[in-house]
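Undergrad: Dropping a structure here in structure tokens format, bear with me for questions.
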Amino acid sequence: MKRITVFLMILAMTLSGCAQAKKDVYQSSDTTDFTAIVSSDLHFTLDPDSASTVVPAEPYSREFMEAFVSQVIAEHPNVFILTGDNTNTGNPDDERALASILERVRDAGIPVVMTTGNHDYDFSDADTYEENYASLLDMEDRDPSSLSYVRRIGDVTLLAMDDGAVDQGRIPQFSKETMKWLKEKLKEASLRNDKIIFLAHRSVLYKADDERYASYHIQNEGLYDLLVKYHVQLALTGHQHHPSILVKDSLHEIISGMPLTDTHCFGVLSIMGKDVSFSTEPIDFSAYGSQQCVSDMAAADQQAVDNQLATVEELLKNAKSDPLYEQGKSLLLNIFTALKEGSLGAQADTFRDDPALALVQAQLADTNYGPWLNDLLASPPADPNHLSFVWQDGA
């Protein structure tokens, strides 16, 4: 089978179930006033040669982060949340440089809450990670067995979980000791009547019953039931580089995308009383970045578009003589664009009815894109840019 690496193989789906919260758990108040800027997968690096085909902007990580941080400070949320893969390789120099930039956020009076990601373990370990970020993070209650910790903001408890502590990030799993610690922290937060938000790099809900996607979701059996028991209604995760929103019963999961990709978006979360809302917005480089930053990001974005076109042409090269070749190229490019913009669900019927779809499917059958495209159109993702729900009291 032809192997083609791609960051775009991300599907979103709505799940259903029948778990119920127990009567002795969390009873939410309506006094919450909480805002957060949420992102993931910064893949920060100082390496000028790190650009990939999918993410040409990586060499501009420093100027990108300077602009992003300036916008965070200007919008001044209650907390800035990052859900892992904070650096591209876990290089200690990259960790120290990123921490220095993020200290601007902390010094502006905005707490920074970060989880680890699998890339944070590539060339680092737990001790080095903690040393490099120690001055930045205020861990109120730390798990002795991992880098998981608790941070409270008003009546909101943030459980920042280290799902890479087992096997140096290769397996998304918590140890037995960490699961025991998590249960204790959930119980304590529920007794305080806090709203509890679960943070991790890998997903709780994404294809949790499909072992083909084992690296995408946390492997601990019973994790979902534990979160439901203590009335956790919101999880913030990452890893997949494209955003999605999943819902199972009362649990809503927001998977943040990679802001270095050409949409450059981050999430804005608000909890006012029991009303929860989430939306995305782009980083405004013209307002918060240097002129060089504006120029470099524009060039990287154009390179990403050019690279995507080259990928599509490579995928369909054996169909150049087909009368539907040009239409097939446009179809595949439009599917990629709709996925990035969050409009794929609204356009899925149009894509399924396109006469060139059969040609595209035939050409992609022996690549990694084939099953991905079929699954994507069969079960198109929901809008990843908007979410609203009412935080429910425990039954």
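The values are calculated or read from the model by the stated rules, or taken from the named source; none is laboratory data. The structure displayed is predicted, hence computed values, not measured ones. We place every Cβ from the backbone using ideal geometry, glycine too, and count neighbours over all the protein chains shown. These area figures cover heavy atoms from the full protein model, side chains too; ligands, DNA and RNA do not enter into them. Shrake-Rupley method; radii C 1.70, N 1.55, O 1.52, S 1.80 Å.
Undergrad: Of all residues in segment 329-376, which are within 21 Å of residue 264 (Cα to Cα) and modelled with pLDDT of 95 or more? Steps first, please.
TA: The initial filter retains those residues of segment 329-376 that are within 21 Å of residue 264 (Cα to Cα), namely 333-345.
Answer for segment 329-376, where residues must be within 21 Å of residue 264 (Cα to Cα) and modelled with pLDDT of 95 or more: 333, 334, 335.
Undergrad: While we're looking at this one, here's another question. Let me confirm something: among 59, 48, which residue is open to solvent by 10 Å² or more (accessible area, probe 1.4 Å), at pLDDT below 95 and either part of a helix (DSSP H, G or I) or more than 20 Å from residue 150 (Cβ to Cβ) (or both)?
TA: On the way: 59 fails: at pLDDT below 95.
Testing whether each residue is open to solvent by 10 Å² or more (accessible area, probe 1.4 Å), at pLDDT below 95 and either part of a helix (DSSP H, G or I) or more than 20 Å from residue 150 (Cβ to Cβ) (or both) leaves just 48.
Undergrad: Residues that are of a type outside the set (Val, Ile, Thr), surrounded by fewer than 20 Cβ atoms within 10 Å (Cβ to Cβ), closer than 29 Å to residue 291 by Cβ and touching a residue at least 40 places away in the same chain (Cβ under 8 Å): does segment 102-111 have at least one? Even if it seems obvious, please write down each step before you answer.
TA: Taking segment 102-111 as the starting set, the residues that turn out to be of a type outside the set (Val, Ile, Thr) are 102-104, 106-109, 111.
Still in the list and also surrounded by fewer than 20 Cβ atoms within 10 Å (Cβ to Cβ): 103-104, 106-109, 111.
Cutting the leftovers down to closer than 29 Å to residue 291 by Cβ gives us 103-104, 106-109.
If we keep only those that are touching a residue at least 40 places away in the same chain (Cβ under 8 Å) too, we end up with none.
Checking segment 102-111: not a single residue is of a type outside the set (Val, Ile, Thr), surrounded by fewer than 20 Cβ atoms within 10 Å (Cβ to Cβ), closer than 29 Å to residue 291 by Cβ and touching a residue at least 40 places away in the same chain (Cβ under 8 Å).
Undergrad: Further question: Looking at 187, 176, 183, which is the one that is surrounded by fewer than 18 Cβ atoms within 10 Å (Cβ to Cβ) and either touching a His at 6+ places or on another chain (Cβ under 7 Å) or over 30 Å from residue 272 (Cβ atoms) (or both)?
TA: Details: 187 fails: either touching a His at 6+ places or on another chain (Cβ under 7 Å) or over 30 Å from residue 272 (Cβ atoms) (or both); 183 fails: either touching a His at 6+ places or on another chain (Cβ under 7 Å) or over 30 Å from residue 272 (Cβ atoms) (or both).
Selected residue: 176, the only one of 187, 176, 183 that is surrounded by fewer than 18 Cβ atoms within 10 Å (Cβ to Cβ) and either touching a His at 6+ places or on another chain (Cβ under 7 Å) or over 30 Å from residue 272 (Cβ atoms) (or both).
Undergrad: Which of (1) open to solvent by 50 Å² or more (accessible area, probe 1.4 Å); (2) within 22 Å of the chain's Cα centre (by Cα) is the odd one out, the single condition residue 141 does not satisfy?
TA: Looking at each condition in turn, residue 141 falls short on (2).
Undergrad: So, in segment 189-216, exactly how many residues are modelled with pLDDT of 95 or more and either part of a strand (DSSP E or B) or within 17 Å of residue 163 (Cα to Cα) (or both)?
TA: 11
Undergrad: Take residues that are without any contact (Cβ under 8 Å) to a residue 12 or more places away in the chain and open to solvent by less than 40 Å² (accessible area, probe 1.4 Å) and tell me which of the helices (runs of 4 or more DSSP H) falling wholly in segment 297-395 contain 1 or more. Steps first, please.
TA: Details: elements: 325-341, 344-352, 357-364, 369-378.
It comes to 369-378.
Undergrad: Taking the residues in segment 276-296 that are assigned to a helix (DSSP H, G or I) and either open to solvent by less than 40 Å² (accessible area, probe 1.4 Å) or among the hydrophobic types (A, V, I, L, M, F, W, C) (or both) as candidates, determine which candidate is nearest to residue 56 (Cα to Cα).
TA: First, the residues of segment 276-296 that are assigned to a helix (DSSP H, G or I): 285-288, 291-296.
Still in the running and either open to solvent by less than 40 Å² (accessible area, probe 1.4 Å) or among the hydrophobic types (A, V, I, L, M, F, W, C) (or both): 285, 287, 293-294, 296.
Numbers: 285: 16, 287: 22, 293: 14, 294: 14, 296: 10 Å.
Selected residue: 296.
Undergrad: If you check residue 149 against the conditions, is it open to solvent by less than 10 Å² (accessible area, probe 1.4 Å) and over 24 Å from residue 248 (Cβ atoms)?
TA: Working: open to solvent by less than 10 Å² (accessible area, probe 1.4 Å): yes; over 24 Å from residue 248 (Cβ atoms): yes.
Criteria met by residue 149.
Undergrad: Only one of 203, 256 is open to solvent by less than 20 Å² (accessible area, probe 1.4 Å) and within 12 Å of residue 38 (Cα to Cα); which? Please lay out each step first, then the result.
TA: Values: 203 fails: within 12 Å of residue 38 (Cα to Cα).
None of the others qualify; the one that does is 256.
Undergrad: Is it true that residue 68 is more than 19 Å from residue 121 (Cβ to Cβ) and in contact (Cβ under 8 Å) with a residue 40 or more places away in the chain? Before you say what the answer is, go through the steps one by one.
TA: Values: more than 19 Å from residue 121 (Cβ to Cβ): yes; in contact (Cβ under 8 Å) with a residue 40 or more places away in the chain: yes.
Yes; evaluated as a whole, the condition is true for this residue.
Undergrad: Now for a different question. Could you look through segment 209-223, keep only residues that are under 18 Å from the mean Cα position of the chain (by Cα) and within 16 Å of residue 180 (Cα to Cα), and pick out the one that is surrounded by the most Cβ atoms within 10 Å (Cβ to Cβ)? Working first, answer last.
TA: If we filter segment 209-223 for residues that are under 18 Å from the mean Cα position of the chain (by Cα), which is where we start, we get 213-219.
Cutting the leftovers down to within 16 Å of residue 180 (Cα to Cα) gives us 218-219.
Details: 218: 24, 219: 16.
The selected residue is 218.
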